[in-house]
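Structure record follows, encoded as structure tokens.
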């Protein structure tokens, strides 16, 4: 049996790795199962068969109400936010060529949080649809500053990461300051803002969140997939990439823009959820090898699965309390980070 | 390395000026705030306490606040300079290494799950948390062939900070704490504490500060490099261990008083080295004095930046600190 399946068009050809394809199919099944289970669990438990019946319109009407208006939006948002963060992280690790970075560690997420909080505090009277734009602007502004500060006769990954960590702290501090000093923040709003900064998909809705996020992902994911192959070339180093005809800086910039935009929109809806952007790409590489054509979709599916499960624990384990999902991504993410640090201990 | 103060006389004058500023900082911290209180009333609250509203504010709010800010600033700055010395990493400081958030996490866990209460218990928990995190981040940063690199240790610190802060928030939310407490364990604040909080940890911090000054001579030898220090007959392991214990007492004590406060431990040691050079016998006392001044000043400023609301001082130091961090990181981050 052939290892590759080749798809040929008139101008482009595309090779699919059988193993990658298999992993993708299995992860899709796992995601679907997780969605069904997550939709069923909560203060009222609905068994998976009833959930499936409800999906095809055969279920109980009160179940349908709970599922469609309360749980399904939250579950689908988890899928979207988790996958967006994972793809953003995968792209960023490829660009920076440091496997220990992610949008949350180097401050991109912090910029998006700041953008979102500014929007909530000062511009929320215009349509909520503009919130992702505000978050994306924040993410870009932060990335630009990090890049600018780290630039000194070129960029080294070391400086970029160190400066990113400092910026992350500063942006968090500025965000807290805005929350605390704004003229209309009673305690409840401030607690909500704190929850947001740990990352939570509590209280999302179809109209406000789902339909706001979807168009961004529909545009950004395909571009990420198309441009992913340039990362494979860049992995060889800038000189090699340039000599095989890749316009390195241009493509790197485009990839960076996609990565930052994905982190930005994910944060606008889900808050600053930590560690998914770090973890998912590593698990993906472990499963399908280093080629980004496979890593990107697999990362997305893993990110979605991780956030689905984190959010499930977050909203069911401490009923009636709803803990931010970010607490649980951090709880699995930090040990994972230690493992990564150990694995990469001899790489500078 | 060019320094501003060369001679011994200049350094002594500098230190005395610092002490005067320090005293002035404490006085200003007591005198200025949302409630306007006359100097006469302030003085009277010490000499002829009559229990009036204004005098109560002075005695129960302003005085502890000033003392805590001074002690925490001094401790964090000295802890930072020792950390930079033993790790030979200019970015080392209690906040970057995650020590502050680790200590805060232990306090919050202790009070939420094990019913810990009382300031002495909190201080102990903070010391344990600080010791645990220092050990963890230091070992994580040193694994691998190339040893302790700024990148590895900073990443490990950042990851641990994210980890501890997320869990701290989770625990606080499940245990139904009030927002004031949540905020305090998150960003660090010196307001709203009473004198018990100060007296519980201050003795340990005082002893640790004195020990740091005693250790200064040995830190100078260690600064020549591990091999040279061993060659000169220094038992480097003991020195590092002693410095580690001092750091834990200083950082842990600070967190038990004020929560995690960022960047004082980075800014002050760098400025002080610029001022007096690399001799730890000068750097440590200078760090103690000017660290106290910085936090007193930041705390006074935090009362006015969004008057009449107060901004927690931890936010102020984070914002002030970042330009320094960027500057040091741009220079390469390693001595």
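The lone criterion from (1) part of a helix (DSSP H, G or I); (2) within 14 Å of chain B (Cβ to nearest Cβ); (3) closer than 25 Å to residue A:98 by Cβ left unmet by residue A:259 is number (2). Identification of helices (runs of 4 or more DSSP H) wholly contained in region B:1-119 with 1 or more residues that are more than 30 Å from residue B:162 (Cβ to Cβ) yields B:8-31, B:39-47, B:53-56, B:63-87. Within region B:321-335, the set of residues being more than 7 Å from chain A (Cβ to nearest Cβ) and under 16 Å from residue A:175 (Cβ atoms) comprises B:321 only. If you check A:134, A:88, A:143, A:83, which single one turns out to be more than 11 Å from chain B (Cβ to nearest Cβ), in a helix (DSSP H, G or I), in contact (Cβ under 8 Å) with a residue 12 or more places away in the chain and surrounded by fewer than 24 Cβ atoms within 10 Å (Cβ to Cβ)? Unique residue meeting the criteria: A:134. For the criterion of being touching a helix residue (DSSP H, G or I) at 6+ places or on another chain (Cβ under 9 Å) and closer than 26 Å to residue B:97 by Cβ, residue A:109 passes. The one condition from (1) crowded, with 18+ Cβ neighbours inside 10 Å; (2) farther than 25 Å from residue B:316 by Cβ; (3) within 14 Å of another protein chain (Cβ to nearest Cβ) that residue B:135 does not meet is (1).
Here residue B:244 meets each of (1) crowded, with 16+ Cβ neighbours inside 10 Å; (2) away from every other protein chain (no Cβ under 14 Å); (3) within 30 Å of residue B:62 (Cα to Cα) with one exception, condition (3). Does residue A:106 satisfy being outside any helix (DSSP H, G or I), farther than 25 Å from residue B:308 by Cα and within 14 Å of chain B (Cβ to nearest Cβ)? Yes: the conditions hold for residue A:106. Given the condition within 14 Å of chain A (Cβ to nearest Cβ) and farther than 18 Å from residue B:293 by Cα, answer yes or no: does some residue in region B:251-259 qualify? Yes; the residues of region B:251-259 include at least one that is within 14 Å of chain A (Cβ to nearest Cβ) and farther than 18 Å from residue B:293 by Cα.
Can you go through A:233, A:161, A:204 and tell me which one is at pLDDT below 85, more than 11 Å from every other protein chain (Cβ to nearest Cβ) and within 22 Å of residue A:103 (Cβ to Cβ)?
Being at pLDDT below 85, more than 11 Å from every other protein chain (Cβ to nearest Cβ) and within 22 Å of residue A:103 (Cβ to Cβ) holds for just one of A:233, A:161, A:204, which is A:204.
The values are calculated or read from the model by the stated rules, or taken from the named source; none is laboratory data. Quick caveat: nothing in here was measured; it's all calculated off a predicted structure. Neighbour counts run over all protein chains shown; Cβ positions are idealised from the backbone, glycine included.
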